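Asker: Let me give you the structure first, and then I'll get to my questions.
Each value in this text was obtained by applying a stated rule to the coordinates, not by laboratory testing. Because the structure is predicted, anything quoted here is derived from the model rather than measured. Cβ atoms come from the backbone with ideal geometry, glycine included; neighbour counts cover every protein chain shown.
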Ligand SMILES: [Zn+2]
């Protein structure tokens with residue numbers, strides 16, 4: 001009798017969008033979500049620089065500067081031209097960094113990037129940015145099953161109701 005090979009699948013789960021930051025908005029007179037505008041602002045004072053990423057209230061359009069670098073020496077900023085020209089990859093990188101360190105709106109929608117393993121016995125999840133999605137939703141999406149069907153394939157039922165996390169490993173029972 002041969003022992004079946006346990007196929008391990010690697011999935012990457014990513015939020016569909018960069019989280020909006022939450023600030024007290026002057027225009028709305030309450031806490032509101034702000035989306036980044038894709039623009040940095042750089043202000044030089046001698047050899048010292050301030051760099052902000054600009055955000056806009058999604059409800060009323062009020063613009064807010066969020067500090068990226070404060071009074072740092074020019075040489076410490078790295079690629080200054082990239083900030084001055086608001087290079088998109090640098091904007092994205094900083095938008096994620098700021099969302100990780102400030103109050104932000106949770107992102108519930110996500111995409112699953114799967115590898116080639118069609119009938120895995122175990123799935124390893126890479127979750128590079130926080131996704132507020134339960135494990136059963138992620139498995140249902142990735143396996144093209146209903147959440148009920150997913151519940152029949154996973155022993156740890158409690159884990160199914162909790163959000164996914166980076167490095168999570170899930171054992172699947174055979175169908
Ligand atoms: Zn507003």
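Asker: Working carefully through the options 160, 139, 143, find the one that is surrounded by 11 or more Cβ atoms within 10 Å (Cβ to Cβ) and over 29 Å from residue 104 (Cβ atoms).
Answerer: 143
Asker: Now, a different point. Can you pull out the residues in region 25-78 that are away from the ligand (no atom under 16 Å from the Cβ), without any contact (Cβ under 8 Å) to a residue 24 or more places away in the chain and assigned to a strand (DSSP E or B)?
Answerer: 43, 50, 52, 67, 69, 70
Asker: Quickly run through region 4-24 and pick out the residues that are surrounded by 12 or more Cβ atoms within 10 Å (Cβ to Cβ) and in a strand (DSSP E or B).
Answerer: 8, 9, 10, 11, 12, 13, 14, 15, 21, 22, 23
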